[in-house]
Amino acid sequence: MANPDITFIPDADPESISSDVAGFGGLLVSTQIPTREDGSLELGDIVAQSECTLRALQVALERAGSGMDRVLHLTIYLTDMADRPAFNEVYQRFFAKPYPVRAAVGVAALAVEGMRVEVTALAAKA
């Protein structure tokens, strides 16, 4: 069922069952995982995964006509809450004050074994 007031920007992976960004009115939503520019997954330490995840978010939002400075809310999913300080260090390289509203949620596992972080963002269009 098509909704003309909702836009979907497809994921670059043709096999993906998720859009990269969805938009409604002046709002965009995107969920990102630690995907490198070539589409492969980064499954290294939390710093490397966090950098890839936030870079993927930045690219997706910019392609949709927004940016990291337009993020209103971020939900961070971590498989180990002890990784939160390391994630926060990377986060502060991508975001500046005033920071988005955010929540960090501890989860038992993510979609791929070894994946330690996933984020969902709500952003305003530019």
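Here, each number is a calculation from the coordinates, and none is a lab measurement. Keep in mind that this is a model prediction, so the values were computed, not measured. Cβ atoms come from the backbone with ideal geometry, glycine included; neighbour counts cover every protein chain shown.
Considering only ASP83, ASP13, ASP38, the mean-square fluctuation computed in a Gaussian network model of the chain, springs between alpha carbons under 10 angstrom, is largest for ASP38. Every helix of 4 or more DSSP H residues in the chain counts as -39500 (n - 2.57), and over all residues that averages to -7500 deg cm²/dmol at 222 nm. Springs between Cα atoms under 10 Å define the GNM used for the chain, and in it the highest mean-square fluctuation of ALA22, ALA82, ALA56 occurs at ALA82.
One chain, two ends: ASP5 and LYS125. Fully extended at 0.36 nm per residue, the span grows by 41.8 nm beyond their Cα-Cα distance. Local charge for PRO100 was computed over the other residues whose Cβ lies under 13 Å away, with Lys and Arg +1 and Asp and Glu -1, and equals +2. Fully extending the segment from ALA108 to THR79, taken as 0.36 nm per residue of separation minus the present Cα-Cα distance, adds 9.9 nm. For the stretch 6-124, the relative contact order is 31 percent, taking Cα pairs closer than 8 Å that sit 6 or more residues apart in sequence and dividing their mean separation by the residue count.
Along the chain, counting only GluC sites (Glu not before Pro) with a DSSP assignment other than H, G, I, E or B and at most 15 other Cβ atoms inside a 10 Å radius, the longest segment between sites is 38-112. Using alpha carbons only, how many degrees (0 to 90, rounded to 10) separate the axis of helix 46-63 from the longest principal axis of the chain? Roughly 10 degrees between the two axes. Reported value for the stretch 14-81: 112 Å³ per residue, from the convex hull of its C-alpha atoms. Among DSSP bridges having both ends in the stretch 6-124, what percentage is antiparallel? Round to the nearest 5. Of the beta bridges lying entirely in the stretch 6-124, close to 80 percent run antiparallel.
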